Amino acid sequence: MSTLTITARDAITGPVLEIAGDLDYDQAPRLRQTVTTLDLEPGQRLVLDLSRIQFCDSSGITALIVARNHAVAAQAEIALVAVPDNTIRILRIVGLDRVFTIHPDVETATTHGPNAGDTS
């Protein structure tokens with residue numbers, strides 16, 4: 001098991017969270033807590049960089065949904081970045097690839113409009 005690390009930074013579009021490690025039952029509450037304490041402004045985009053996650057279970061998917069709900073409640077957008085193949089497969093199976101905007105990299109997610117670079 002790999003401990004989850006979350007590194008936050010600001011981009012012109014809004015906060016970027018780089019998530020590394022296992023996004024699982026034990027670790028997902030940390031992401032939920034981090035996301036729900038973010039002060040998002042209407043029109044901002046919350047970017048979740050998943051390029052360094054090693055494992056994501058249903059608790060991790062739930063944490064991503066919590067992040068989306070937090071963004072929507074703030075009238076902000078959310079984008080997932082560099083989603084690993086095993087996680088994108090899960091998102092596609094359950095139809096969440098149509099709910100999340102997915103970008104290939106952070107640069108695309110933080111410099112383009114809402115659906116630019118969408119890989120879903």
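For region 56-77, name all the residues that are of a type outside the set (S, T, N, Q) and touching a Pro at 6+ places or on another chain (Cβ under 7 Å).
Passing the criteria: ALA74, ALA76, GLU77.
So ALA71 passes all but one of these: (1) within 20 Å of ASP105 (Cβ to Cβ); (2) outside any helix (DSSP H, G or I). Which condition number does it fail?
Going through the list (1) within 20 Å of ASP105 (Cβ to Cβ); (2) outside any helix (DSSP H, G or I), ALA71 breaks only (2).
Return yes when LEU50 is at pLDDT 95 or above, of a type in the set (A, V, I, L, M, F, W, C) and either under 19 Å from ALA8 (Cβ atoms) or more than 14 Å from the chain's Cα centre (by Cα) (or both) and no when it is not.
Considered against the rule, which asks whether it is at pLDDT 95 or above, of a type in the set (A, V, I, L, M, F, W, C) and either under 19 Å from ALA8 (Cβ atoms) or more than 14 Å from the chain's Cα centre (by Cα) (or both), LEU50 comes out as yes.
If only one of GLU41, GLU18 is surrounded by fewer than 22 Cβ atoms within 10 Å (Cβ to Cβ), modelled with pLDDT of 95 or more and within 10 Å of the chain's Cα centre (by Cα), which one is it?
Among GLU41, GLU18, only GLU18 is surrounded by fewer than 22 Cβ atoms within 10 Å (Cβ to Cβ), modelled with pLDDT of 95 or more and within 10 Å of the chain's Cα centre (by Cα).
Scan region 44-68 for residues that are in a strand (DSSP E or B) and either surrounded by 17 or more Cβ atoms within 10 Å (Cβ to Cβ) or of a type in the set (Asp, Glu) (or both) and jot them down.
Of everything in region 44-68, those that are in a strand (DSSP E or B) and either surrounded by 17 or more Cβ atoms within 10 Å (Cβ to Cβ) or of a type in the set (Asp, Glu) (or both) turn out to be ARG45, LEU46, VAL47, LEU48, ASP49, LEU50, ILE53, CYS56.
Scan region 24-37 and report the pairs whose first residue is under 18 Å from ASN86 (Cα atoms) and touching a residue at least 12 places away in the same chain (Cβ under 8 Å) and whose second residue is among the β-branched types (Val, Ile, Thr) and in a helix (DSSP H, G or I), with Cβ atoms within less than 9 Å and a gap of 6+ or a chain change.
ALA28/ILE61; ALA28/THR62; ALA28/VAL66
The values are calculated or read from the model by the stated rules, or taken from the named source; none is laboratory data. Bear in mind the structure is a predicted one, so any value in this text is a computation, not a measurement. As a convention, Cβ positions derive from the backbone with ideal geometry for all residues, glycine included, and neighbour counts pool all protein chains shown.
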